[in-house]
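Chemist: Supplied in structure tokens, the structure appears directly below.
Throughout, read-outs are computed from the coordinates displayed, never taken from laboratory work. What you see is a predicted model, and the numbers here were worked out from it, not measured in a lab. All Cβ positions, even for glycine, are placed from backbone atoms using ideal geometry, and neighbour counts span all protein chains on display.
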Amino acid sequence: MSVITTPDKLRVTPDAIEEAAKLLYIRALKILPDDIKQGFFRLDSTETDGLAKSVLATMIENIAVAERTENLLCQDTGIPIFNVQIGRDVEVDGWALKQAIARGTERATREHPLRSSVVHPITRVNAHTSCGAHVPVIHVDFVETPRTLRLEMIPKGSGSENGSFLQMLIPADGLSGVKRFVVDAAIKAGGKVCPPTILGVGVGGTSDLCMHLAKVAATRPLGSVCADAEGAKLEVELSEAVNSLGIGPQGLGGDSTAFAVHVEVAATHITMNPVAVNVQCHSARRASATFTPEGVVVGF
Amino acid sequence: MAHHILHMPATEADIRKLRVGDTVTLQDTLFGIRDATQIHMFDRGRRTRFDLNGHAVIHTAPNVRKVDPNPSASLAQEPATRGTNHSGYEAVCIGTTTSDRMERFTRPLMEREGVRIIIGKGGLREDSARAFQELGGCYLAVIGGAAALETTWITAIEDVDMDDLNPESLWRFAIRDFGPLIVGMDSHGGSLYRDVQASVEAKRAAVLAKLGAG
């Protein structure tokens, strides 16, 4: 067995990753993606409840104030999550990449400064770095795109993360069991998860994969559609259902409970029918940096 | 639906005038409080040197920047907040958090500390509704996730207690035109959250039937 190196590779250094991680954490906290802004305008145009309309107006005003004052949209700096997509012909030291992401996160926290929202789970001690055991959460995936590395940052707020639900349903519960679980999760979450939300639903897989799918669904851009045709159908049905409940923005009543319900699916075992719900709040923040041989492009 | 301007601290009579659906703007002083603050105060017996009698607390843990506690020096640095920063902190971003986690602290906050107003998002439950009714308190909804806007209503971080719990310290903010806030729960047993929850539960069966999941 031998190792072959070729010249046509994208090399990304740990320093570049560290700088990007720092920049993305701060940027994500301050600038809401265009698809979420459009989502707000769409909800505002269809909302029929007076109080809900005024709540939406305050949220829309806040987006503008955050940009004008270069301030954070929400006080919750969240749990930092980084999704790394590595294309083909990319040369990167994976171990160094993980250290660089943590260094960038800590520097953003100290240098901006940001509230460190991360504590030890047993002692509850806050190291004021936004880092700790297994945090930042880092997911690495490998994709076909040549000479491209994409770093996506998601500061996941706790109000919505506390609205996470998993049930290992059984085959006899059927798809109707899945639907009932999602509707009841939305009711249980009520105003606590800062609606209007993106309700992420995972269907299938194992227990951990199912919850991961729900998180992927909750953090997908608005307007994107589940790649699985059955999942896509479920998105339409559940979006309509959840928005018929009348929970409304902040749980104060109204039509605008969710921007959308997103579904992700994975194959599962013949005896299993798992379903998970993970919620993204209306401050649906994300930022990304894409490295190619031409340079780095920062976006959402 | 009336609008009220309340200068802190408030009296019981001030609070009894508020009804669910009214709006309120607060003036002068606001205290910031969080999970850890209340766990230490009520489960571990810690006492604050602040007088919270008649005051409003907001469920928060702010983003702050350390500054020179000398007021003239901090003013010269053109801080984001004006006024006196004797606390040694100035505001970066201050908003609110989900109140439901702190449900069991409503009564002790009112009984022991004399707090009259709790501000947060998502509402509180029936024990809090009863405490508000019996003791003369209310819950005011501020918009969660609108912290950039709410930070502009805070003029200074005047003082801080229990700062070993930072950012979950007990904060004293100077405020100007803090609001409008929505009266979500009043001192007469009213709760907008209970009303919405009941209406949602009533719609559940029809929603499930339409999904073929009744």
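Chemist: What is the antiparallel percent of DSSP beta bridges lying wholly in the protein assembly as shown, to the nearest 5?
Modeler: DSSP beta bridges in the protein assembly as shown are roughly 60 percent antiparallel.
Chemist: Right, next: Have a look at B:Ile143, B:His55, B:Ala156 and report the one farthest towards the positive end of the charge dipole of region B:3-210, computed about the Cα centre with Cβ charges (Lys/Arg +1, Asp/Glu -1).
Modeler: Of the candidates, B:Ile143 comes out farthest on the positive side.
Chemist: Right, here's the next one. Taking Cα pairs under 8 Å and at least six residues apart, what relative contact order does chain A come out at, in percent?
Modeler: Once divided by the residue count of chain A, the mean separation gives 25 percent.
Chemist: Given H placed on each backbone N at 1.01 Å, which residues far from A:Val140 in sequence or on other chains put an amide H within less than 5 Å of it?
Modeler: Amide H to amide H, under 5 Å and 5 or more residues apart or across chains, A:Val140 pairs with A:Val84.
Chemist: Give the list, by residue number, of cysteines in the protein assembly as shown with no other Cys Cβ closer than 4.7 Å, or say none.
Modeler: Cysteines of the protein assembly as shown left without a disulfide-compatible partner: A:Cys74, A:Cys131, A:Cys210, A:Cys226, B:Cys93, B:Cys138.
Chemist: If you don't mind, there's one more thing I want to ask. Please list the radius of gyration and Dmax for region A:75-127, considering alpha-carbon atoms only, with Å as the unit.
Modeler: For region A:75-127, the Cα radius of gyration and maximum Cα-Cα distance read 14.0, 43 Å.
Chemist: Mind checking which aspartates and glutamates have their Cα closer than 12 Å to the Cα of A:Lys37? Skip sequence neighbours fewer than 8 apart in that chain.
Modeler: A:Glu61
Chemist: Given a Förster distance of 45 angstrom, what is the FRET efficiency for B:Met1 paired with A:His269, based on the Cβ-Cβ distance and rounded to 0.05?
Modeler: Computed FRET efficiency for B:Met1 and A:His269 comes out at 0.25.
Chemist: Search the structure for amide H atoms under 5 Å from the amide H of A:Arg11, placed 1.01 Å from N in the peptide plane, and list their residues when 5 or more places away or on another chain.
Modeler: A:Glu91
Chemist: I've got another one for you. Cut-off 10 angstrom, C-alpha nodes, Gaussian network model of chain A. Which of A:Arg147, A:Arg286, A:Arg107 fluctuates the most?
Modeler: Sorting by GNM fluctuation, first place goes to A:Arg147.
Chemist: Let me ask another. So what is log10(I(q)/I(0)) for region A:1-129 at q = 0.09, 0.16 1/Å, when the Debye sum runs over its Cα atoms only?
Modeler: For region A:1-129, the Cα-only Debye profile gives -0.42, -0.93.
Chemist: Shifting gears a bit: Within 10 Å of each Cβ in A:177-186, how many Cβ atoms from other chains are there, averaged over the peptide?
Modeler: Other-chain Cβ atoms within 10 Å of each residue's Cβ, averaged: 3.
Chemist: For chain B, with a Gaussian network of springs between Cα atoms less than 10 Å apart, report the residue from B:Ala147, B:Ala202, B:Ala174 with the top mean-square fluctuation.
Modeler: Answer for the Gaussian network model of chain B: B:Ala202.
Chemist: Related question: Please get the size of the charge dipole for region B:104-199, origin at its Cα centre, with Cβ charges of +1 on Lys and Arg and -1 on Asp and Glu, quoted in debye to the nearest 20.
Modeler: Dipole about the Cα centre, nearest 20: 360 debye.
Chemist: Considering every residue in A:243-251, what mean count of other chain Cβ atoms within 10 Å of its Cβ is obtained?
Modeler: Partner Cβ neighbours, averaged per residue: 6.
Chemist: Based on alpha-carbon atoms only, what is the radius of gyration of region B:3-210 relative to the globular estimate 2.2 N^0.38 Å?
Modeler: Normalised by 2.2 N^0.38 Å, the Cα Rg of region B:3-210 equals 1.05.
Chemist: Could you tell me whether region A:81-212 comes out rounded, prolate or oblate from its Cα gyration tensor? Rule is a ≥ b ≥ c as square roots of the eigenvalues, rounded for a/c under 1.5, then prolate if a/b exceeds b/c, otherwise oblate.
Modeler: oblate
Chemist: A follow-up question, please. Is there a quick way to get the dipole size of the protein assembly as shown? I mean about its Cα centre, with the Cβ of Lys and Arg at +1 and of Asp and Glu at -1; what is the value in debye to the nearest 20?
Modeler: Roughly 440 debye, rounded to the nearest 20.
Chemist: I'd like the Kirkwood hydrodynamic radius of region A:124-174, using the inverse of the mean 1/r over distinct C-alpha pairs, in Å.
Modeler: Value: 15.5 Å, from the Cα pair sum.
Chemist: A 19 angstrom limit on the alpha carbon distance is what I want to check against. Which of A:Lys98/A:Lys215; A:Lys192/A:Lys233; A:Lys156/B:Lys121; A:Lys53/B:Lys121; A:Lys192/B:Lys121; A:Lys188/B:Lys121 exceed it?
Modeler: Beyond 19 Å between Cα atoms: A:Lys98/A:Lys215; A:Lys192/A:Lys233.
Chemist: Hey, rough spin-label estimate for A:Ala172 and B:Asp127, points 7 angstrom out along Cα→Cβ, what's it come to in nanometres?
Modeler: According to this spin-label approximation, the distance is 3.8 nm.
Chemist: Okay, next question. All other residues with a Cβ under 14 Å from the Cβ of B:Lys17 taken together, and with Lys, Arg as +1 and Asp, Glu as -1, what is their net charge?
Modeler: That sum, taken over residues with Cβ under 14 Å, equals -1.
Chemist: Additional query: Averaged over its residues, how many other protein chain Cβ atoms are within 10 Å of peptide B:178-187's Cβ atoms?
Modeler: Per-residue shielding by partner chains comes out at 1.
Chemist: Search the structure for amide H atoms under 5 Å from the amide H of A:Leu73, placed 1.01 Å from N in the peptide plane, and list their residues when 5 or more places away or on another chain.
Modeler: Those qualifying (amide H under 5 Å, at least 5 residues apart or on another chain) are A:Lys30.
Chemist: Considering the zone a paramagnetic label at B:Ala202 would reach in this model (a point 7 Å from Cα along the Cα-to-Cβ line), which residues of region A:240-273 have amide N under 17 Å from it?
Modeler: A:244-248, A:252-255, by backbone N distance to the label point.
Chemist: Right, here's the next one. For region A:141-185, list residues with backbone N below 12 Å from a point placed 7 Å from the Cα of A:Ala96 toward its Cβ?
Modeler: none
Chemist: Using +1 on the beta carbon of Lys and Arg, -1 on that of Asp and Glu, and nothing else charged, what's the dipole of region A:158-280 about the Cα centre, debye to 20?
Modeler: Computed charge dipole of region A:158-280: roughly 220 debye.
Chemist: Quick one: give the max-minus-min coordinate of the C-alpha atoms of region A:158-280 along each principal axis, largest first, in Å.
Modeler: Result, largest extent first: 41, 26, 25 Å.
Chemist: What does the charge count near A:Asp89 come to, summing +1 for each Lys or Arg and -1 for each Asp or Glu among other residues with Cβ under 15 Å from its Cβ?
Modeler: So the surrounding residues net to +1.
Chemist: Karplus couplings for region B:161-167 from phi (6.51 cos²θ - 1.76 cosθ + 1.60, θ = phi - 60°), rounded to Hz, Gly and Pro as x?
Modeler: 10, 6, 6, 5, 8, 2, x
Chemist: In addition: Spelling out what I want: for every residue of region A:167-176, take phi, set θ = phi - 60°, compute 6.51 cos²θ - 1.76 cosθ + 1.60 (Karplus), and round to whole Hz; glycine and proline get x.
Modeler: Computed from phi, the couplings for region A:167-176 are 9, 8, 5, 10, x, 5, 6, x, 6, 5 Hz.
Chemist: How long, wide and thick is chain A, going by the Cα atoms along their three principal axes, in whole angstroms, largest first?
Modeler: Taking the Cα atoms of chain A, the three principal extents are 58, 52, 43 Å.
Chemist: What value in Å³ per residue do you get for the convex hull of the alpha-carbon atoms in the protein assembly as shown?
Modeler: 162 Å³
Chemist: Placing one identical point scatterer on every Cα of region B:88-214 and ignoring solvent, what is log10 I(q)/I(0) from the Debye formula at q = 0.14, 0.18 Å⁻¹?
Modeler: Result of the Debye calculation: -0.72, -1.05.
Chemist: Positive end of the dipole of the protein assembly as shown, charges at C-beta (+1 Lys, Arg; -1 Asp, Glu), about the Cα centre: which of A:Ala284, B:Thr106, A:Gly248 has its Cα farthest in that direction?
Modeler: The residue sitting farthest along the positive end of the dipole is B:Thr106.
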